[in-house]
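Below is one structure, written out as structure tokens; the observations come after it.
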Amino acid sequence: QVQLVESGGGLVQAGGSLRLSCAASGRTFSSYAMGWFRQAPGKERDIVAAISWNGGNTYYPDSVKGRFTLSRDNAKNTVYLQMNSLKPEDTAVYYCAARTVIGLGFSRYEYAYWGQGTQVTVSS
């Protein structure tokens, strides 16, 4: 069982930055690929970033590429999502997720464990 706890959400003006953190329980964190997803009201839960077990591979959709950076510290069982140049359309609840394999996952259905979510609101 893995428990994920997100933090770092909040209200920011367009063009600003936020860093989300996701702390994981469990001694096998370093063998899990991780991802961040977001869900706006009435929309699907979409991926915004993914990282392999050792951080060697990452994935970003075009909507956030060049603005978001996902990293991990396996010694601290934590992943970090740095979000820069935020736009109002980035407003959503952001979820951290873990999958019990080492490679990247691109769909919500590939992730077994989820955090409770943290709200990010970007004002124009």
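Tabulated values for the structure
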{"quantity": "Matching entry among ILE51, ILE47 (being touching a Pro at 6+ places or on another chain (Cβ under 7 Å), under 23 Å from ASP90 (Cβ atoms) and buried (at least 17 other Cβ atoms within 10 Å of the Cβ))", "calculated": "ILE47"}
{"quantity": "Number of the condition not met by PRO88 [criteria: (1) open to solvent by less than 60 Å² (accessible area, probe 1.4 Å); (2) within 15 Å of GLY8 (Cα to Cα); (3) not hydroxyl-bearing (Ser, Thr, Tyr)]", "calculated": "(2)"}
{"quantity": "Matching option when the condition is of a type in the set (Ser, Thr, Tyr) and in contact (Cβ under 8 Å) with a residue 60 or more places away in the chain, among TYR59, TYR109, TYR80", "calculated": "TYR80"}
{"quantity": "Restricting region 13-27 to residues that are of a type outside the set (Ser, Thr, Tyr) and either under 14 Å from THR78 (Cβ atoms) or open to solvent by 60 Å² or more (accessible area, probe 1.4 Å) (or both), the residue that is modelled with the lowest pLDDT", "calculated": "ARG27"}
{"quantity": "Hey, ASP46 within 14 Å of the chain's Cα centre (by Cα), over 16 Å from GLU6 (Cα atoms) and at pLDDT 95 or above or not", "calculated": "yes"}
{"quantity": "Single residue of region 28-43 satisfying the filter (open to solvent by 60 Å² or more (accessible area, probe 1.4 Å) and more than 24 Å from SER17 (Cβ to Cβ)) that is modelled with the highest pLDDT", "calculated": "GLY42"}
{"quantity": "Condition met for GLU6 (modelled with pLDDT of 95 or more, part of a strand (DSSP E or B) and out of contact with any Asp or Glu (no Cβ under 7 Å at 6 or more places or on another chain))", "calculated": "yes"}
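The values are calculated or read from the model by the stated rules, or taken from the named source; none is laboratory data. Here the structure is a predicted model, which means the values were calculated and not measured. Neighbour counts run over all protein chains shown; Cβ positions are idealised from the backbone, glycine included. Remember, those area values only see protein heavy atoms, side chains included, never the ligands or the DNA or RNA. Shrake-Rupley method; radii C 1.70, N 1.55, O 1.52, S 1.80 Å.
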